[in-house]
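**Q** First the structure, which I've put down as structure tokens, then a few questions once you've had a look.
The values are calculated or read from the model by the stated rules, or taken from the named source; none is laboratory data. Please read these numbers as outputs of a predicted model, since none were measured by experiment. Positions of Cβ are generated from backbone atoms using ideal geometry, with glycine treated the same way; all protein chains shown enter the neighbour counts.
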Amino acid sequence: MTQLTEAGQGPAQRMFAADRASRGLGMELLRAGDGSAAVRMTVTAHMVNGHGVAHGGFLFTLADTAFACACNSRGPVTVAAGADVVFTAPAHEGDVLLAAAEERARFGRSGVYDVTVLREADGLVIAEFRGRSRTVGERGADGRGAPAGKDAS
């Protein structure tokens, strides 16, 4: 079951609220809980590369954000240990993309998650991503003993 705070937000929602990088790219967390998550992003003009298609780095970032929300949906703090992506079709300016992440396995402090990035209009698969996670506990992703974004001093 997803942990909730008094405000009704779970760990993934709190993490996403503090994620300036993803929010700065216009990403929207649609849902997160029980090892899954969905994140939406519209491809903007500044995301298009020299070939006129969405730069793979932005597609990877969208998938990585969905992965992060899925693996942090139960708490405690969990970070990426590694990830791979396969680009299957180009995305273009104006495309609305949806990244759907699902937990495949959890073992000890590790986990495996798959993310499918698709074009929302027609369901065309744009990328497939596999992420490997590692739980670091309550010390926070910064490794200093403070939750991410907090001063450890």
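**Q** Please determine, by comparing only the residues of the stretch 125-143 that are modelled with pLDDT of 80 or more and of a type in the set (Lys, Arg), which one is farthest from Leu98 (Cα to Cα).
**A** Arg134
**Q** Continuing with the same structure: Scan the stretch 93-102 and give yes if some residue there is of a type in the set (D, E, K, R) and more than 16 Å from Gly33 (Cβ to Cβ), otherwise no. Step through it out loud before you land on a result.
**A** Within the stretch 93-102, the first condition is being of a type in the set (D, E, K, R), and the residues that meet it are 93, 95, 102.
Okay, now just the ones that are also more than 16 Å from Gly33 (Cβ to Cβ), so 93, 95.
Within the stretch 93-102, one or more residues are of a type in the set (D, E, K, R) and more than 16 Å from Gly33 (Cβ to Cβ).
**Q** Ok, one more. Select from the stretch 112-122 the residues that are touching a Lys or Arg at 6+ places or on another chain (Cβ under 8 Å), surrounded by fewer than 22 Cβ atoms within 10 Å (Cβ to Cβ) and in a strand (DSSP E or B) and list them in ascending order.
**A** Val112, Asp114
**Q** Condition first: under 12 Å from the mean Cα position of the chain (by Cα) and among the aromatic types (Phe, Trp, Tyr). Can you find one or more residues in the stretch 78-89 that meet it?
**A** no
**Q** Scan the stretch 55-103 for residues that are surrounded by fewer than 16 Cβ atoms within 10 Å (Cβ to Cβ) and without any contact (Cβ under 8 Å) to a residue 12 or more places away in the chain and jot them down.
**A** Gly57, the sole residue that qualifies.
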